[in-house]
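This report refers to the structure that appears directly beneath it.
The values are calculated or read from the model by the stated rules, or taken from the named source; none is laboratory data. None of the values given here were measured: they were computed from a predicted structure. We place every Cβ from the backbone using ideal geometry, glycine too, and count neighbours over all the protein chains shown. Side chains are part of the model used for accessible areas, which takes the heavy atoms of the whole protein and leaves out ligands, DNA and RNA. Shrake-Rupley method; radii C 1.70, N 1.55, O 1.52, S 1.80 Å.
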Amino acid sequence: DLFERTAEELARHGLSCECLGGGRLAHRPEERKIHVYGYSVGFGRADHAVTTEKLKAEYPDYEITWADEGY
């Protein structure tokens, strides 16, 4: 998983991290759309509103939406 790989890499540099939850992304680049949804079985649901705001800052020309439904 992405979190485990990232945590291991950070540990090699004397850093640590904490997973605040998970979810999924549906990316449709041809439509310039990203949809954030779902949850992680192991980590629970991330705050999708926060994720969406961070994505909007990085991809201002995309339509970015979120929902708590779905897996």
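Structure notes:
- Extreme residue, nearest to Asp61 (Cα to Cα), among residues of the range 18-47 that are of a type in the set (Gly, Ala, Ser) and not in a loop (DSSP other than H, G, I, E, B): Ala26
- Failed criterion for Glu69 (all others in (1) outside any loop (DSSP other than H, G, I, E, B); (2) touching a strand residue (DSSP E or B) at 6+ places or on another chain (Cβ under 7 Å) hold): (1)
- The condition of being in contact with a His (Cβ under 9 Å, 6 or more places away or on another chain), outside any helix (DSSP H, G or I) and without any contact (Cβ under 8 Å) to a residue 60 or more places away in the chain does not hold for Leu15.
- Cβ pairs under 7 Å, 6+ apart, first in the range 49-70 and at positive phi, second in a loop (DSSP other than H, G, I, E, B) and surrounded by 12 or more Cβ atoms within 10 Å (Cβ to Cβ): Gly70/Gly38
- For the range 48-59, the criterion of being part of a loop (DSSP other than H, G, I, E, B) and surrounded by 13 or more Cβ atoms within 10 Å (Cβ to Cβ) is met by at least one residue.
- Of the criteria (1) modelled with pLDDT of 95 or more; (2) open to solvent by less than 70 Å² (accessible area, probe 1.4 Å); (3) out of contact with any Ser or Thr (no Cβ under 9 Å at 6 or more places or on another chain), which one Glu9 fails: (2)
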